[in-house]
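The values are calculated or read from the model by the stated rules, or taken from the named source; none is laboratory data. Just so it is clear, the structure is predicted and the values come from calculations on it, not from any experiment. A quick note on method: Cβ atoms are made from the backbone with ideal geometry, for glycine too, and the neighbour counts reach across all protein chains shown. Accessible surface areas use protein heavy atoms only, side chains included; no ligands, DNA or RNA. Shrake-Rupley method; radii C 1.70, N 1.55, O 1.52, S 1.80 Å.
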Amino acid sequence: MDMKNEKLQEYAKLLIEVGLHVQKGQTLVISSPVECAYFARLCATAAYDVGCREVVMNWHDDYLAREKFLRAEDAVFDQVPQWRQHFFNDYANQGAAYLAIDAEDPEHLKGVDPDRRVRSLRVSGKALKDFYRLQMSSGFPWCIASIPIHSWAGRVFPSLTEEQAMESLWNAIFKAVRITGDGQSVRHWQEHLESLSRRKEKLNALRFKSLHYTNSLGTDLTIALPDDHLWAAGNSETPAGVGFVANLPTEEIFTAPLRTGVNGTVCAALPLVNNGSIIEDIRFTVREGRIVEAKASRGEDVLNAAISVDDGARYFGEVALVPYDSPIRNSGLLFYNTLYDENASCHLAFGEAYPECIVGGERMTREELNAHGLNHSLTHVDFMVGTADLSITGTTHDGRELPVFRSGNFAL
Ligand code: ZN
Ligand code: ZN
């Protein structure tokens, strides 16, 4: 077997055994672009190898998604058929593992009516409520990972031929997911998760009251944190105590902001691919948590649509720390894919907060989570804010100011 095939099989095995920790007798749902079928098959085989009950597929396709948004009857965007609600909600309620193979042309929905996109986001957010609620609160193991497709690779490596671009993106992905050819990726991941966890413990011990971000792009933002916030990283745990890694790769340590405690200006450091379009130079003005102005040099209509999905979409749900000097950033590549770009940069998200980011949050009702200051929304959109000159200063409850980030990297 050649090297590439060995690495592909190792990757599939890593996703099933470390990403999802698939248990004997558990169902696995895989969402995959049709172009990635060969890799979805390897993942299914790896799952059956560990005793998976059944692998169920949810295929999708950029071309068909675009055709639908451009040409389907308008009423389609306000409805989710019953069978689709059952598919996602029933498997989520059963605790099935969920693997999303994330690969798309970053601009496959360019020029589509933003109103159709927002309506379809709203309606699917409501119809698939159980699925999203359980996903956000670690109710079932889930993992998002990527493999190259031609349209995406061509965007990352515009000066290369199609085949060279695919090869280069594969190499960058293998590197980021720590598949080096030594067959030891599971061990590399255990070590990596332990090192993220040590840093997380340090931040949890400090219990910051607020964080103040500044850089030369014009970011000057204060973020208050809930009293009982928790930093999280890498590993999550289902109610049955099974560990899973929701993003592969993952380099971040994250928590939730206090819903009404964010004030100032924040500027994005990298372009954002959202809903099949590219948004550049995002600049948000925020007052008491609410985004009161949203500017962008490109895709401003898409950005404004994204924050108008519901009221919670105008508030922040995540604060994540990633050093500038990190493996994905050091690759020097802009991936035009949020899974990769967010793990190369400090980021924030507008929309839903993760209940695991406060003490006991995963067992709280929606009302309790609201009372603890966690934001609620049908959406959750990460955008990158980390630059080489980013400073973050933390203020503790007894008024001490400590450097958290200096010159883009951890100072703790
Ligand atoms: Zn994040
Ligand atoms: Zn996020």
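List of remarks:
- Residue check for LEU303: under 19 Å from the mean Cα position of the chain (by Cα) and either within 16 Å of ligand 1 (Cβ to nearest atom) or open to solvent by 20 Å² or more (accessible area, probe 1.4 Å) (or both): no
- Residue-level check: of (1) open to solvent by less than 10 Å² (accessible area, probe 1.4 Å); (2) within 12 Å of ligand 1 (Cβ to nearest atom); (3) within 21 Å of PHE350 (Cβ to Cβ), PRO249 misses just (3).
- Cβ separations smaller than 7 Å between residues 6+ apart or across chains give the following pairs from the stretch 241-263 residues that are within 14 Å of ASP227 (Cα to Cα) and within 14 Å of ligand 2 (Cβ to nearest atom) to residues that are open to solvent by 30 Å² or more (accessible area, probe 1.4 Å) and assigned to a loop (DSSP other than H, G, I, E, B): THR255/LEU230; ALA256/TYR354.
- Tally, over the stretch 341-384, of residues that are more than 15 Å from GLU318 (Cα to Cα) and surrounded by fewer than 20 Cβ atoms within 10 Å (Cβ to Cβ): 10
- When restricted to residues that are open to solvent by 20 Å² or more (accessible area, probe 1.4 Å) and within 27 Å of TRP189 (Cα to Cα), the stretch 252-272 contains 2.
- For the stretch 193-209, the criterion of being over 24 Å from GLY243 (Cβ atoms), modelled with pLDDT under 95 and assigned to a loop (DSSP other than H, G, I, E, B) is met by no residue.
- Comparison of THR338, THR387 shows that the only residue that is open to solvent by 10 Å² or more (accessible area, probe 1.4 Å), within 16 Å of ligand 1 (Cβ to nearest atom) and hydroxyl-bearing (Ser, Thr, Tyr) is THR338.
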